[in-house]
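Here the structure comes first, spelled out in structure tokens, and everything after it is commentary.
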Amino acid sequence: MPKLIAPLRLLLMLAAGLLAANVRPDIVTNYVQAHPDFRLVDGKLYNRAKSLLWKDISGTFVCTNRGGVVVQTWKVEPVFGAGTGTEIHTDGINSYRVVVPRKIKTGESKTPGPKIFIRNYPLQPAPVTGAAIACRALPIENVEFQTEILAAYDFGTPNIVPVVTTNRPTQSAVHTQNSGTSK
């Protein structure tokens, strides 16, 4: 009888250890980046594609400065020249073409606009001086750059969401296991 108690005790301790191991949940936290249009600015979440507060910005890269970039904007105006075109006129019975003077767009005039500052603009890959920059950003408070006050915008930071998972069975899974039918 004493020889039988030792293996039984060993089996009970092993079973208790397995049960204890199954009771402790493994908690795993993964971080997932939300869609790139969801951006955080000053702790608030925005959808930059749909928000009316966000503005389209385009210009050329000037330099980096304290967590952002300085951008030279441009005013583009069309340049028109004199030209001719044809129009169709009718007198009720006949249709005929008439040559008429028209303004024709011959090009564009590009003049420097104001410099602006874009906070949180991604610097990978690193922009080079004169590179085109086009993005949507949220207007924020003005910033001082050298001797100028620049209008400032925030590109926002990505929305990183923590997803916590555990191996602990859910209440519905436990309920399903215990709700078997007995005969």
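Bear in mind these aren't lab numbers, they're just calculated from the coordinates by the rules spelled out. Small disclaimer: the values here were computed from a predicted structure and weren't measured. Glycine also receives a Cβ, built like all others from the backbone with ideal geometry; neighbour counts cover every protein chain displayed.
What to note about this one:
- Taking other residues whose beta carbon is less than 13 angstrom from the beta carbon of Glu87, and scoring Lys, Arg as +1 and Asp, Glu as -1, yields +2.
- Three-way shape call for region 35-174 based on the alpha-carbon gyration tensor, with the a/c threshold at 1.5: oblate
- Modelled FRET efficiency - R0 41 Å, Arg97 with Ala126, Cβ distances, 0.05 increments: 0.10
- Exposure proxy order (Cβ contacts within 10 Å, fewest to most) of Tyr31, Tyr153: Tyr31, Tyr153
- Percentage relative contact order, region 38-96, counting C-alpha pairs under 8 Å, at least six apart: 16 percent
- Of the trypsin sites (Lys or Arg not before Pro) found in region 31-131, those that fall in a DSSP loop while having at most 16 other beta-carbon atoms within 10 Å are Lys50, Arg66.
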